[in-house]
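Read through the structure below, which is laid out as structure tokens, and then see the notes.
Since every read-out is calculated from the coordinates, none of them should be taken as a lab result. The model shown is predicted, which means the values in this text are computed figures rather than measured ones. Note: ideal-geometry Cβ built from the backbone for every residue, glycine included; neighbour counts use all protein chains shown.
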Amino acid sequence: MVSIPLQSGGAERLVIEEAKYFAGVGHEVTLVTADYSDSFLDEFDLPANVSVRTYSAPNTASGIADFVTETGGLLATVPDVDPDVLFTHYRNIQIYLVEAFSDLDVPFTTHVHGSILWFRDNPRLLPHRRDDGFDDLIDAVPGHSEFQSDIDDALVPRGKAEIEEWLQRRAMAACDVVFTGSNRVAAELEVLYDVDPVVVHPGVADEWLSDHDETPRVELMDREHVVLALSRLDPRKRLDLLLRAFARLRERRDDVGLVIGGTGSHEETLREIVRDEGIEDDVRFAGYIPDDELPAHYKSADAFACPAWMSYGLAPLEAYGMRTKLALSADTFVKELLGDQRGVAVAEPRTEAWVDCLDELLDADETPGADDVSVVPTWTEYCAEKHRVLEAEGVL
């Protein structure tokens, strides 16, 4: 399994859950990654038949030289592992080239966590402006125009984008199976690369659902109602919008507090918004919350807020699995599973829409029950479905 660096995050968790599952059904699994965090991997108690191999890669991946260096690192590592099947997460172009430039010839599948439309100001969109249906894809999702407003279309980035997208199309075509987690991304991949992806919905830990009644509550904040948000602190998560909406909400009611979990480059900007809005006493930054503490945090919140531009969204799925009411952005695409469920509200990514959404959600009598959360897939169900597809396609 060739992966992005394994340090934190939802995509990284998906990789680890796949590794655990396929090891559990008898396969030897090697995770090939440029870097990893011991503390992150320790959270998952990996079985003995999962090993980790690192390859040489640059600290950044912004230029052609960095791309060549990373491909060379994988070329020196992956054939040495001698796999029978290759799974990739984000590194499918490099693995396509590894197979082209080596004697390695094994089944090759990729999981696409989000098409190139989900990466901010991405020059790789430039070649696709010629594609039929491209403008419709942009118009269908608020964040696609919001976060693609300043693309560098100078000669060098445009030329690089043309090469990368030519390779991406060939890499996708070479895959035995292309997986993705939402119908939204599947529709985008069909337009961008002319592939027919298999949609398999990622899930939550099985024990979170079964152990709900035994999960304790913790005091998140001394308020009658507490809203919880949890994500990487990144502009794409729109926590700035949430903070401004929360400030307007506090003008309506004084019984609510906001807890934000996670770390990231946007933290100081968010703290500055808190100071500017005068809500320092009503907002708590909780920092990184370990995996084993997440169920109690979700269960203890009155509502979970996810205003993010997000191709799927594990955190809101986890929160709903703990029977917590949800506020989702119209472009958080786990809404495909949860948008019509009891205790879930979907709001356009505008400040006033979020003020009204949170106000109404906190006072809503309907909360998710045991029957409602049956819509939430578990990691076992997700991996078993992927396993079934791979066997049906003759890959495993």
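A few remarks follow.
- Distant-in-sequence amide H partners of K325 (H built 1.01 Å from N, under 5 Å): F304
- Between the residues A370, T351, Y312, the greatest Cα displacement towards the positive end of the dipole of the stretch 206-375, with unit charges on the Cβ of Lys, Arg, Asp and Glu, is found for T351.
- Cα gyration tensor shape for the stretch 206-375, rounded if a/c is under 1.5, else prolate or oblate: rounded
- Top of D35, D132, D371 by mean-square fluctuation, Gaussian network on the chain, Cα under 10 Å: D371
- Ordering of 87-98, 271-282, 300-311 by packing [mean C-beta count within 10 Å, highest first]: 300-311, 87-98, 271-282
- Semi-axes of the equivalent ellipsoid of the stretch 1-108 are 22, 17, 10 Å, computed as sqrt(5λ) over the eigenvalues of the C-alpha gyration tensor in descending order.
- Scalar couplings 3J(HN,Hα) for the stretch 33-39, obtained by applying the Karplus form with A = 6.51, B = -1.76, C = 1.60 to θ = phi - 60°, are 8, 6, 6, 7, 9, 4, 5 Hz; x denotes Gly and Pro.
- Computed on the stretch 206-375, with alpha-carbon pairs under 8 angstrom and 6+ residues apart, the relative contact order is 23 percent.
- Pairs of alpha carbons in the stretch 111-229 whose separation is greater than 19 Å (percent): 60
- Calculated from backbone phi, Karplus (6.51, -1.76, 1.60) coupling profile of the stretch 331-343 in Hz, x at Gly/Pro: 10, 9, 8, 5, 4, 4, 8, 10, x, 9, 7, 4, x
- Amide H contacts of R53 (H built 1.01 Å from N, in plane; Pro and chain starts excluded): L31, V32, T33 sit under 5 Å, all sequence-distant by 5 or more or on other chains.
- Long-range amide H partners of V346 with built H, under 5 Å: L328
- Cβ-Cβ FRET estimate between E352 and E268, R0 fixed at 22 Å, reported to 0.05: 0.25
- Too-long pairs where the Cα-Cα distance tops 21 Å, listed order kept, from K299/K325; K20/K325; K237/K325: K20/K325
- The loop-placed GluC sites (Glu not before Pro) in the stretch 312-374, going by DSSP, that have at most 15 neighbouring Cβ atoms within 10 Å of their Cβ come out as E366.
- For the chain, convex hull of alpha carbons as volume per residue, Å³: 139
- Phi to ³J(HN,Hα) by Karplus 6.51 cos²θ - 1.76 cosθ + 1.60 over the stretch 230-235, Hz, x for Gly, Pro: 9, 5, 4, 7, 9, x
- Helical contribution to [θ] at 222 nm, DSSP H n ≥ 4, -39,500 (n - 2.57), averaged over the chain, rounded to 500: -12500 deg cm²/dmol
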